[in-house]
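The structure appears below as structure tokens.
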Amino acid sequence: MNARRDLLEIRDLLENWAVWRDACDWERFRSCWHSDGRMMATWFQGTPDEFISISKEGFEKGVRILHFLGGTSIDIVGDRAIAQTKMTINQRAEVEGVLCDVVCTGRFYDFIERRGDTWAIFIRQPIYEKDRIDPVDPATPPRLDKARLNSFPEGYRHLAYLQSSIGYTVKQDMPGLTGPEVEALYSRGKQWLAGQPIV
């Protein structure tokens, strides 16, 4: 196989994921995934089809979650790859009665596999490095419950505060910039590239 072509195909896959997801182009978005894939996020963990269904429902209710991508690092061994892509997650919603934006900076950590001639995502696990909350009108900041805010992990506590405020159950053990969760993720990535099965 041509290594340069593989890199380009994987980069296209990662960029298409963000554009098609945010544009609600669900048919093409589905093509980014293997049928047995898994999406792991603060507010959702499940199959691609479940993710599409719940994303559609949320969009119809006014949920707006957008993505912006930065640089990508890709390691390929045979028909498997691990890709890390710098990203931001942007979500707007009312927090304590004030319209706010949350921006969370991190990385998409993707377990990618070529089956036949097609590269697609098997597992997408974001790494949440840091976040912040800003009122859309800076003259009206929200009054946050500090105890509730600090009950969420540091890397995504503002995002979790917003998402829990609008009814989502937020997973509390997602990987951050440092710590046992991200170290375990890196270990799983090494196992994946070594051809071992992962849960």
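The values are calculated or read from the model by the stated rules, or taken from the named source; none is laboratory data. Source: prediction; values computed, not measured. Here the Cβ is made from the backbone with ideal geometry for all residues, glycine too, and neighbour counts use every protein chain on show.
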*Can you tell me which residues in the stretch 93-140 are of a type in the set (A, V, I, L, M, F, W, C) and exposed (fewer than 14 other Cβ atoms within 10 Å of the Cβ)?*
LEU99, VAL136, ALA139
*Can you confirm whether the stretch 163-181 contains a residue that is in a helix (DSSP H, G or I), modelled with pLDDT of 95 or more and under 18 Å from ASP110 (Cβ atoms)?*
yes
*asked:* Residues that are in contact with a Cys (Cβ under 7 Å, 6 or more places away or on another chain) and of a type in the set (Gly, Ala, Ser): does the stretch 154-164 have at least one?
replied: no
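Return the residue satisfying two criteria in turn: it lies in the stretch 189-199 and is over 17 Å from the mean Cα position of the chain (by Cα) and within 19 Å of SER73 (Cβ to Cβ), and of such residues it is surrounded by the most Cβ atoms within 10 Å (Cβ to Cβ). Write out each step before concluding.
The initial filter retains those residues of the stretch 189-199 that are over 17 Å from the mean Cα position of the chain (by Cα), namely 190-199.
Filter once more, so that each one left must be within 19 Å of SER73 (Cβ to Cβ): 190-194.
Working: LYS190: 11, GLN191: 13, TRP192: 21, LEU193: 16, ALA194: 9.
Here the residue is TRP192.
Just checking, does the stretch 56-67 include any residue being more than 23 Å from SER165 (Cα to Cα), outside any helix (DSSP H, G or I) and in contact (Cβ under 8 Å) with a residue 24 or more places away in the chain?
Of all residues in the stretch 56-67, those more than 23 Å from SER165 (Cα to Cα) come to none.
So far as the stretch 56-67 goes, no, none of its residues is more than 23 Å from SER165 (Cα to Cα), outside any helix (DSSP H, G or I) and in contact (Cβ under 8 Å) with a residue 24 or more places away in the chain.
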